[in-house]
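K.L.:
Encoded as structure tokens, here's the structure I'll be asking about.
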Amino acid sequence: MKVSVVLNSNRTKELKKAIDLIKRVNGVSELIVVDASEKKLPTIYQKKCSKYIFKKCNLSQGRNIGIRSSKGEIIAFTDDDCIPKETWLTELLKGFLDEKVMAVCGKTIAAKKYQGSLYEKAFSFSKIGNDKKVISGFSINIKKLFRIGHGNNMAFRKKVFEKIGYFDEELGVGSKGLAGEDLDMFWRILKNNYKITYIPTAIVEHKHLIPEDKLPEFAWRNGYANRQVINKNIFSIKGLAIFVMLSLWYIINYVRKRDKIRINYLKGWFLIKRFSSPF
């Protein structure tokens, strides 16, 4: 299978590092970079990309630009703050053996420097687990609802975007939805009776670059974004039940423990205005 890697960024310094890291990964057929930074990359870095697209856009718009520009049967995504293992793609591809599988997610762990950080304690990517799993159907199991995969370590059959649509450009970093475009796509795949595979051996390390004093705002934005995804996908009696169940779970676990960062997540979830969106 030909694999196109799409890399979106608006941070020149991190983008340069990410390009060099992806060039080390086995099995990359083409690297498409969609750069939303203030200035273009130096020519030496542009030449390392199969396609370099300089365009001001939000994350979902950039993902869609990359998909439409790609030639691969499989489209893989990681972020500019990630360090993919050399075997990252070859491991992800193992999840596509079943034709009904339209997406595969790998395991994201904290880079060594950031292990034990406050970010890691509050927002660890590692909660999905260490076992391979195939996810199908749409469940209201609140422990699993948000534990499918992450946007910094995911791959799709290109044809799925023609079948169910591209990333929602009203969601994602830089949009009014703030985040959640990855979760929205996962849910749409499951609602259309396709499968998602989780491969824990497809590993990328994440550099937690958000300063600790910005974590409360980050939590609020994530709570707000997840609420938008809920509203969009399951606005029904079932959706109301999920919302109530999740709300009770959050209140019990975050308020009772007096988790100040997660309480800001809760405020975002309930759309309590605490931080204004810059977009």
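Derivation of every value follows stated rules applied to the coordinates shown; laboratory data play no part. All values reported here derive from a predicted model rather than from experimental measurement. Backbone-built Cβ (ideal geometry, glycine too); neighbour counts: all protein chains shown.
K.L.:
In this model, which of Lys13/Lys159; Lys56/Lys144; Lys163/Lys273; Lys51/Lys159; Lys17/Lys51 are farther than 27 Å apart at the alpha-carbon?
P.N.:
Values: Lys13/Lys159 33 Å; Lys56/Lys144 34 Å; Lys163/Lys273 36 Å; Lys51/Lys159 20 Å; Lys17/Lys51 17 Å.
Long pairs (Cα-Cα over 27 Å): Lys13/Lys159; Lys56/Lys144; Lys163/Lys273.
K.L.:
Contour minus end-to-end for Leu209 and Lys159, with contour as 0.36 nm per residue of separation and end-to-end as the Cα-Cα distance?
P.N.:
Extending this stretch completely gives an extra 14.6 nm.
K.L.:
Follow-up question, since we're still on this one. Angle, helix 59-69 long axis vs. longest principal axis of the chain, Cα atoms, 0 to 90°, nearest 10?
P.N.:
With both axes taken from Cα atoms, the answer is about 30 degrees.
K.L.:
A follow-up question, please. For Lys48, put the label point 7 Å out on the Cα→Cβ axis and report which residues of segment 84-116 keep their amide N under 19 Å from it.
P.N.:
84-89
K.L.:
Then there is this: Report, to the nearest 10°, how far helix 12-22 tilts away from the longest principal axis of the Cα atoms in the chain, using its own Cα long axis and a range of 0 to 90°.
P.N.:
Tilt of helix 12-22: around 70 degrees.
K.L.:
Treating the angle as unsigned and between 0 and 90°, give the value, to the nearest 10°, between the Cα long axis of helix 215-233 and the longest Cα principal axis of the chain.
P.N.:
With rounding to tens, the tilt is 90 degrees.
K.L.:
Something else: Take the Cβ-Cβ distance between Ile272 and Leu118 as r, set R0 to 22 Å, and report the resulting FRET efficiency rounded to the nearest 0.05. Write down the numbers at each step before the final one.
P.N.:
Working: r = 22 Å, r/R0 = 1.02.
That gives a FRET efficiency of 0.45.
K.L.:
First measure r as the distance between the Cβ atoms of Thr90 and Ile251, then evaluate 1/(1 + (r/R0)^6) with R0 = 41 Å and state the FRET efficiency to the nearest 0.05.
P.N.:
Using R0 = 41 Å, I get an efficiency of 0.40.
K.L.:
Cα convex hull of the chain: how many Å³ per residue?
P.N.:
On the way: hull volume 34.4 nm³, N = 279.
Spread over its residues, the Cα hull of the chain gives 123 Å³ apiece.
K.L.:
Of all beta bridges DSSP finds with both residues in the chain, what is the antiparallel percent, to the nearest 5?
P.N.:
Numbers: 14 of 39 bridges.
Once the DSSP bridges in the chain are tallied, antiparallel ones form about 35 percent.
K.L.:
Springs between alpha-carbon atoms under 10 Å, Gaussian network over the chain: tell me which of Asn192, Asn264, Asn153 tops the mean-square fluctuations.
P.N.:
Result: Asn192 has the largest fluctuation of those listed.
K.L.:
Springs between alpha-carbon pairs under 10 angstrom, Gaussian network model over the chain: which of Ser175, Ser70, Ser117 fluctuates most?
P.N.:
Ser117
K.L.:
Between Lys13 and Ala241, what's the calculated FRET efficiency when r is the beta-carbon distance and R0 is 45 Å? Round to 0.05. Please report the intermediate quantities before stating the final value.
P.N.:
Working: r = 45 Å, r/R0 = 1.00.
Step by step, r from the Cβ atoms, then E = 0.50.
K.L.:
A further question on this structure: Sticking with the crude label model, points 7 Å out along Cα→Cβ, report the distance from Met1 to Glu99 in nm, one decimal please.
P.N.:
1.4
K.L.:
Tell me, how many Å apart are the Cα centres for segment 85-156 and for segment 1-57?
P.N.:
Distance between centres, Cα-based: 22 Å.
K.L.:
Same structure again: State the extension gain, in nm to one decimal, for the chain segment bounded by Lys39 and Glu170, taking 0.36 nm per residue of separation less the distance between their alpha-carbons.
P.N.:
Details: separation 131, 0.36 × 131 = 47.16 nm, distance 2.46 nm.
Once the chain is fully extended between Lys39 and Glu170, it gains 44.7 nm.
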